[in-house]
Structure formats: structure tokens, C-alpha cells
Amino acid sequence: MSEETQTGPVLAADGRPLKQSLARSLRNQKLRALALIAPLLIFVLFSFIWPIGVMLFRSVENGEVAETLPNTVAALNDWDSTAGDLPPEAVYQAFTEDMVVAIAAKNHTKIGTRLNYEKTGMSSMFRRSGRTMKKWDPETDGPFKEKLIDVHDGWGDIETWKTIQTHSVKYTNGYFLNAVDMQRTPEGAQAQPEEKRILVKLFGRTMWMSMIIMGSCILLGYPVAYILANLPARKANLLMILVLLPFWTSLLVRTSAWKVMLQQQGVINDVLVWIGLVADDARLIMINNQFGTIVAMTHILLPFMILPMYSVMQTIPETYVRASKSLGATNWTTFWRVYFPQSVPGIGAGSILVFILSIGYYITPEIVGGTKGVFISNRIAYHISSSLNWGLAAALGAILLAAVLILYWAYDKIVGIDNVKLG
């Protein structure tokens, strides 16, 4: 065999270079794997990722004013709101033209609702004006400045026009400012009035109470998981059924049961009065406050803490414990130095699971929390279903998501996400 043949590329059976054939084979395998999971990826994209993305985009989307009042927005660009004077007649003329078109399309109420989020009374002002302005002719019925002020005094208030001008941008940071108790103004970001500053407090309460709930689940769940992992299989299976039993009951039923038990005339107070620990006229207030939320949510989320810890504890070899004791360690030393460190990954997995679930709960805090025990998720649900301020709801959700990701990142840096195990 010649030297040229010996030093040439190794060929496959089809005559191609072996390296090229291997690369082609690997590429075909990846394409087949991608084809197998493509239906699932498409389903997740359109049923989960896309709706969430669209909802979060609402936190910056702000095209209502510019689309409904284009002539007004253009005219307001030439108006100096800091001068202290009302806009000129040209602005009122442009506003009338836009309103007549909007009234015909029945869009004037939508723009009123949008601006009402920023200045109370705008919705009713647009509705009332719409009933009168639908008969106006923008070309022959002018001038409109005095006529509009006669229809509603709000059109003679400079703050009304400042609000329209400020929130006429297509994309806005106003929702995010509102989410942290601030507001968008012509002068820039400013703090909300004192009586409206509640959202930052709710964020803090949500994080703090979620930490307490997580800690309560660890304290109550660890002994149960330890017993489950060290009992004989028959007894452990029976106890596991009791742990899983709450999953077979509706969340609403369990929460309502706690509402009945925790109220002043409920079972717990009746027992405390009966055994003499509490006077009948000094019953404990355990409902419609933070205590009620913590108790109910700890009970509901406890299985989510027990199961990861139990699955990890099952994998801890008993020989480690026996070896520790054979070397002279006490039961406490064996547990604290040998057993507990190996169970930490289960605690980490359960803690992340319980914490993330708890900050997103809103049914339980709504029922048992009252005004002092609700979470930020309750406010998000309110803006989605009641006030219909989806932009603010999306901003609150985005901030909550960012907070969770930051905490997750911090946990990964401190503990290491690779140390979290589910079994």
C-alpha cells in the first residue's frame, strides 16, 4: 500500500469520508428527534408561551389614545402644558373631529376607560360628552372650545388635556410606574398620593408571607417526611395516603373549611373556650388577617414540601447512619452531621416549589385573608376581572415574574440549583 493511501482520509462504506458521514448521521438523528418533539413544542408555544407573551406585552402597549384621537394628539404636540393655559381652539377642533369619528365607531367609551385609569372621572366625561357631540358637525358647528366646556367642566380643566397628552405615546412605562406606586406626568415620574400607595406594600407582604409559609411547611413537613422514609413499607404507604388525601378534595372546599374553623364562633375558638384557655368574650381573631392566610396556605401547600423531601430521604443509605453510630456518634450527632446534610436537596426542591406556588395564590387569601392577608396576586386578579386594567395587571405580573427569577438566580448562586433534587 502506498504512503498516499495510508495518509488519506478514512472512508466509510459508501466512499464518503468517515468524519463527514458521522456528522451527517448525527444531524439526521437530531432532525428525527426534533420532528418527534415538534408537536409538543408547537403546542406549548401556542397554548402557553404565546398567551403569556401577549399578556406581558400589554404592560407597555398604549395605542388607544393615539389610534382613537390622532388629530388631537398631533395638535397637542404644539401645546406647552407647562405654560398654565388651556389648549388653543385648534386642539378643541381636532378633538371634536376625532370624537365624532370615535362616537360613530363606538370607541369613545374605550378611550374614556383607558384615561380613567390615570385620572378619575374621565370615563363619565367621555360618555356624557359622547351623547351630545354625536350630533355635531366639525365643519359647521365651531368654534368648539366654549361648547365643550359647556358640555362638561372637565374640558376646561388643564389636567384633562395634560392627561391626554402624557398618555398619547404608543408605548408607555406608565403601567410599570403605577405598579410601584408612581405615576407618569408631563414633568416625569412622580409618586402617587399617599392614599394610593398600596402596591409596593402588597409586594412586600406577598414575599414576606410566602417566606413564612415556606418556613412553616419545612418545620411541619420535615418530621413527616422523615417518618415516611424510615417506616416499614406497609405503614409508610398508609401514611402517604393521608398525606395525599388533601389532593382529593377541592381547593375551594379546603379553604372554606378553614374559614369555618378559624372564625370567632368556629371550632377552634369553641374548643379553646371549652378547655378554659380563652374567655368567651375574648375569642381569638384568626380570620380575615395574615394569620388565617398563613394557616390555610400552609395546610394546602404542605404536601408539596413533604413529597420532595420524602423522595430524597428514601435515597439516603441506612448504612451511613449505622456507620456513624458504630463510630460512637450520638443519635443527634448522627442526624445533624450525617443524615440532615443529605436531605438538604429535598428541602431546597420543596422550598422552591412551595414559595413559587404561594406567591401566585389568590383564592385562599381572598377567602380567609380579608384586607390584611391578601397577596399581590389578588390585585392582579382584580384588575383582570373587575377593573379591566389589563395593562396594570400585566405590569404587576411582569414584576412578580422578575422577582421570582431574581430569587431563583440568588438561590442558584448561594446553594446551587444542581443540588436541588426531587428524588
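The values are calculated or read from the model by the stated rules, or taken from the named source; none is laboratory data. Source: prediction; values computed, not measured. Quick reminder, even Gly has a Cβ in these numbers, built from the backbone with ideal geometry, and neighbours come from all protein chains shown. Ligands, DNA and RNA are excluded from the accessible area calculation, which covers all protein heavy atoms including side chains. Shrake-Rupley method; radii C 1.70, N 1.55, O 1.52, S 1.80 Å.
One table, with the values for the structure above:
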| item | result |
| --- | --- |
| Pairwise Cα inverse-distance average, inverted: Kirkwood Rh of the range 214-328 (Å) | 16.7 |
| For the chain: accessible area per residue (Å², 1.4 Å) | 58 |
| For the range 328-366 and the range 155-197, distance of Cα centres in Å | 44 |
| Kyte-Doolittle mean at least -0.5 and Cα axial length at least 15 Å: DSSP H helices in the chain | 18-44, 89-105, 199-230, 233-244, 251-262, 290-313, 340-359, 390-414 |
| Segment Y408-V253, extension gain: residue separation times 0.36 nm, minus the distance between their alpha carbons | 52.6 nm |
| Relative counts (whole %) of C-alpha pair distances in the range 21-179, using bins that are 10 Å wide | 10, 31, 24, 10, 8, 8, 6, 2, 0 |
| Restricting the range 112-155 to trypsin sites (Lys or Arg not before Pro) in coil, as DSSP defines it, with at most 10 other Cβ within 10 Å | K135 |
| Residues Q342 and K201, FRET efficiency given R0 of 41 Å [Cβ-Cβ distance, rounded to 0.05] | 0.55 |
| Percent carbon-and-sulfur accessible area, the chain, ignoring ligands, DNA and RNA, probe 1.4 Å | 63 |
| Excluding exposed DSSP-loop GluC sites (Glu not before Pro) (at most 12 other C-beta within 10 Å), longest clean stretch of the chain | 188-423 |
| At R0 = 45 Å, FRET efficiency that the Cβ-Cβ distance of T132 and D280 yields, to 0.05 | 0.10 |
| Added length on full extension, which subtracts the Cα-Cα distance from 0.36 nm per residue, R24 to E187 | 52.5 nm |
| 10 Å binning of all Cα-Cα separations within the chain, expressed as whole percents from 0 upward | 4, 14, 18, 17, 15, 13, 9, 6, 3, 1, 0 |
| Bins of 10 Å from zero: percent of alpha-carbon pairs in the range 330-381 | 23, 29, 20, 17, 11, 0 |
| Whole-Å semi-axes of the range 241-387's equivalent ellipsoid (Cα gyration tensor) | 37, 23, 13 |
| The range 311-358: C-alpha gyration tensor shape, a/c 1.5 cut-off, then a/b vs b/c | prolate |
| Sorted largest first, extent of the range 33-74 alpha carbons per principal axis (Å) | 55, 16, 11 |
| Cα-Cα over 24 Å, subset of K134/K196; K145/K170; K106/K147; K162/K201; K110/K162; K119/K196 | K134/K196; K145/K170; K162/K201 |
| Residues listed by number, the range 44-63, amide nitrogen under 14 Å from K110 label point at 7 Å toward C-beta | 62-63 |
| Modelled FRET efficiency - R0 60 Å, A83 with I212, Cβ distances, 0.05 increments | 0.70 |
| Normalised contact order of the chain, rounded percent, pairs of Cα under 8 Å and 6 or more residues apart | 16 |
